[in-house]
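Novice: Pasting a structure here, questions to come.
The values are calculated or read from the model by the stated rules, or taken from the named source; none is laboratory data. What you are looking at is a predicted structure, and each value in this text was computed from that prediction instead of being measured. Note that each Cβ is placed from the backbone with ideal geometry, even for glycine, and that neighbours are counted across all protein chains shown. Accessible surface is based on the protein model in full, side chains and every heavy atom, while ligands, DNA and RNA are left aside. Shrake-Rupley method; radii C 1.70, N 1.55, O 1.52, S 1.80 Å.
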Amino acid sequence: MPSPFCSVTSLASEQSTLDTNIHTLNVVLIYLFILLISKRTQASLASSLLFAVHPVTSEAVNAICFREDLLALSFMLLVLIIYYEGGLKISGF
């Protein structure tokens, strides 16, 4: 069964651009999440830049039909950021 995120009629360059944009969003979300947890700008910047250029993540960005992995990470990071901020507001820290 073909992936619902991969269309035959769309161009590969458009899909690659979209995957790169989603990966960039994930890098920003990782920076924000690490900054929330550690409150250290250098640590969050280093970890997000390492994630941006590490070869482990290249398969999801370069392969055309791996968009579900990128989107799953985006939503997971968004949920973790919202959960962490909500917990801080409730507990009063």
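Novice: Considering LEU50, LEU32, LEU45, which residue is in contact with a helix residue (DSSP H, G or I) (Cβ under 9 Å, 6 or more places away or on another chain), free of Cβ contacts under 8 Å to residues at least 24 places away in the same chain and open to solvent by 50 Å² or more (accessible area, probe 1.4 Å)?
Specialist: LEU45
Novice: Still on this model: Quick one: in region 11-23, of everything that is touching a residue at least 12 places away in the same chain (Cβ under 8 Å) and out of contact with any Lys or Arg (no Cβ under 9 Å at 6 or more places or on another chain), which residue is surrounded by the fewest Cβ atoms within 10 Å (Cβ to Cβ)?
Specialist: So the residue we want is ALA12.
Novice: Would you confirm whether or not region 61-81 contains a residue that is among the aliphatic types (A, V, I, L, M), surrounded by 13 or more Cβ atoms within 10 Å (Cβ to Cβ), more than 25 Å from GLU14 (Cα to Cα) and at pLDDT 85 or above?
Specialist: Yes: region 61-81 contains one or more residues that are among the aliphatic types (A, V, I, L, M), surrounded by 13 or more Cβ atoms within 10 Å (Cβ to Cβ), more than 25 Å from GLU14 (Cα to Cα) and at pLDDT 85 or above.
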